Amino acid sequence: MSTAYDVIKPLHGTAFGAAVRLRAPLSQGLPKDLPAVLAEAGGVLVIPGLGEIAAKPELLLALSREFGPEVEDYRYTLTQRSSVHTTVPEIFLVSNMAPVNRAPPKRPEPPLTADGRLPVQYPHRRGWHSDQSYRRPPPDISLFYAVTPVARERGQTLFADGTAAYSALPATLKDKVDRLEGLHCQPGMGRSREAVLSGQVPAEQPPHARSQRQPVVRRHPVTGKPALYLCEWGQMDWVDGPFVGMEPGPHGRGAALLDELMAHYTRPEFVYVHEWTAGDLVVWDNRCTVHAATWYDGDNEQRMMWRTTVRGNPGPLYAGEKRSWVPA
Ligand SMILES: [Fe+2]
């Protein structure tokens, strides 16, 4: 039996996304057709009230499998085994608690805007990215579940609507980006904008961790709609990129274009701010959205979040490609 649900859209304060309220516990049956609801809503679903997952993590895996043919097994893709759930290895732990010990985003948190709102727009807000965009084919969908969130008004997750952002680009910019490729880089390779600006020598990239080209505009394989597909300081390659065929480096023409595009992509009208409550699940589509995390007080607050990643339908551009991250 499947669990029925109500869909309320759009998400508060935005023109995209949807909240899904289940009418019965998840353990009584998985809700059907959620991938279609996600696509229709533009790439973000908030499903509150799933406290039962904390005691039964296999329910998160079962729900993740509704969204695609393959849920990533982190035993094979993470070097840090302490970040892998002990009984469900498809769950990646995002936490400042031991043994994960992952620090929250750095301070300073940008000051509130003049009207008292959380600043969301790049470059004041940094950290915008699409999960694992440094891999080809990149993943489709991520699910993020709050076991132990921190207090409201910090530790939020922000989402920007890449479909609306692309649609609102001036025609001259659309012409410029329609056939352009970005060069995406795995964090920690010494090729981030911060690393290059600080004069760090980039690390040798083994073949399976090389920066990857991705189209700046991706046509969504389910909806057919074009969306911006970009990251910024930490997940683009600032040695040879951020764009293929444009002047590289943190001061080049490519940098100027990226700054312009990301500031546009994260305009407040395209952004949803999620304040976490225990038992919330947020599902997002990495093919047409970007997201960012905000600061919380990691010295005085404990946070435990569970992530799964779904792959398998990146679109025809990637058909038949060997996985870039698997060593030969
Ligand atoms: Fe992420």
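The values are calculated or read from the model by the stated rules, or taken from the named source; none is laboratory data. Since the structure is predicted, the reported quantities are computational estimates derived from the model, not experimental observations. Don't worry about glycine lacking a Cβ; one is built from the backbone with ideal geometry, like all the others, and counts go over all protein chains shown.
Quick notes on this structure:
- Search result, residues across the stretch 247-277 that are in contact (Cβ under 8 Å) with a residue 60 or more places away in the chain and more than 29 Å from P10 (Cβ to Cβ): A255, L257
- Test for L228: is it under 17 Å from the mean Cα position of the chain (by Cα) and in contact (Cβ under 8 Å) with a residue 60 or more places away in the chain: yes
- For the condition under 30 Å from P31 (Cβ atoms), touching a helix residue (DSSP H, G or I) at 6+ places or on another chain (Cβ under 9 Å) and not in a loop (DSSP other than H, G, I, E, B), V222 does not qualify.
- Applying the condition of being among the aromatic types (F, W, Y) and part of a loop (DSSP other than H, G, I, E, B) to the stretch 117-150 and asking which residue is farthest from L230 (Cα to Cα) yields Y122.
- Unmet criterion (only one of (1) under 19 Å from T277 (Cβ atoms); (2) within 20 Å of the chain's Cα centre (by Cα)) for P35: (1)
- Pick from the stretch 143-178, criterion among the acidic types (D, E) and surrounded by fewer than 22 Cβ atoms within 10 Å (Cβ to Cβ), ranking: farthest from A292 (Cα to Cα): D175
- The set of residues in the stretch 88-143 that are at pLDDT below 85, within 16 Å of the ligand (Cβ to nearest atom) and among the acidic types (D, E) is empty.
- Condition check for R193: basic (K, R), closer than 19 Å to H291 by Cα and in contact with a Lys or Arg (Cβ under 9 Å, 6 or more places away or on another chain): no
- Checking each residue in the stretch 267-290 for being closer than 18 Å to G155 by Cα and in contact with a Lys or Arg (Cβ under 7 Å, 6 or more places away or on another chain) picks out only E275.
- Number of the condition not met by A146 [criteria: (1) closer than 24 Å to G51 by Cβ; (2) away from the ligand (no atom under 16 Å from the Cβ)]: (2)
- Here the stretch 179-216 is the region considered, the condition is being among the small types (G, A, S) and touching a strand residue (DSSP E or B) at 6+ places or on another chain (Cβ under 7 Å), and the residue that is nearest to P327 (Cα to Cα) is S211.
- Enumeration of residues in the stretch 295-328 that are free of Cβ contacts under 8 Å to residues at least 12 places away in the same chain and more than 30 Å from E153 (Cβ to Cβ): A319, G320, K322
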